[in-house]
1. Quick check: is even one residue across the stretch 74-93 touching a residue at least 60 places away in the same chain (Cβ under 8 Å), surrounded by 14 or more Cβ atoms within 10 Å (Cβ to Cβ) and assigned to a loop (DSSP other than H, G, I, E, B)?
2. Which of the numbered conditions does residue 304 fail, given that it passes all the others? Conditions: (1) assigned to a helix (DSSP H, G or I); (2) closer than 26 Å to residue 127 by Cβ.
3. With the checklist (1) within 25 Å of residue 216 (Cα to Cα); (2) exposed (fewer than 12 other Cβ atoms within 10 Å of the Cβ); (3) modelled with pLDDT of 85 or more in hand, flag the one item residue 145 doesn't pass.
4. Which residue, of 266, 312, 294, is in contact with a helix residue (DSSP H, G or I) (Cβ under 6 Å, 6 or more places away or on another chain), at pLDDT below 90 and in a helix (DSSP H, G or I)?
5. Modelled with pLDDT of 80 or more, closer than 23 Å to residue 262 by Cβ and in contact with a helix residue (DSSP H, G or I) (Cβ under 9 Å, 6 or more places away or on another chain): is that true of residue 207 in this structure?
């Protein structure tokens, strides 16, 4: 059983033969995109006051839905088979450069490393906010969330393999197909399918909204921090950013949109994010200066704070370890793709 989008069922995407074949705009997608950006603007219209309240909901709500879906998924036939596939290690995969590439891309994306979102959100903290503890909480929570989500997803994939008579490896996929084809098909086979589908897509909307809110706020904050005279007009800047993003997203609403989505997903968030992170480390450690950065931390927390006492460890990472690992990963993977494009 295949899970690709069949031509006769492709009434939403109206998928064209290739990325260069753009002939129509799919108006249901345009209206959905417009509604999404209107929602984003409404959430940001009052600045950090409305933004902080919305983020509380968009962050907590997916956990509730994920737990509900998990409880339902773990009771399905074949769920144990999917979970066993999830937790069973395949050590030979450690020799595959694509595995390391995907792992790096995933951790950079889910933690928003080098995308600017964390820096923007942290700029709203008090001057003496315990940044180190916040960093540890975010990192540990992210790891636990990813592991927990894996148990939920693979329970449904095991169930899907059970009802289709296939192995779990045959139904596992990556990219947008996992959420919008494989997982969506699995929940439609359950009793009360509309309820599970609504819950699942509400979770995706909440996750996507929180990500976009931070991204837009990052863009506007860059301008208002650089040009103080623009701060009273942040709402107008937010409107301009939303309109521009909506217009740029129209290419994804064409019959070739799915190809553009795959292109952006594969390249924009991969080695480019790691390259930015490498440049950030170089700027902090060598341009601004590691000792200057230590003085800033000391002025925030005091000389007896744990972050100051252990600063040499972080300084070593910024000076040597992290740039070296990022450079090796970027060079190795790009060389690997040159000689092994498939």
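The values are calculated or read from the model by the stated rules, or taken from the named source; none is laboratory data. Note that the coordinates shown come from a computational prediction; the quantities given were computed from them, not determined experimentally. Please note: Cβ atoms are built from the backbone with ideal geometry, for glycine as well, and neighbour counts cover all protein chains shown.
1. yes
2. (1)
3. Going through (1) within 25 Å of residue 216 (Cα to Cα); (2) exposed (fewer than 12 other Cβ atoms within 10 Å of the Cβ); (3) modelled with pLDDT of 85 or more one by one, residue 145 breaks only (2).
4. On the way: 266 fails: in contact with a helix residue (DSSP H, G or I) (Cβ under 6 Å, 6 or more places away or on another chain); 312 fails: in contact with a helix residue (DSSP H, G or I) (Cβ under 6 Å, 6 or more places away or on another chain).
294 is the lone residue from the list that is in contact with a helix residue (DSSP H, G or I) (Cβ under 6 Å, 6 or more places away or on another chain), at pLDDT below 90 and in a helix (DSSP H, G or I).
5. Values: modelled with pLDDT of 80 or more: yes; closer than 23 Å to residue 262 by Cβ: yes; in contact with a helix residue (DSSP H, G or I) (Cβ under 9 Å, 6 or more places away or on another chain): yes.
Judged against the criteria, residue 207 is a match.
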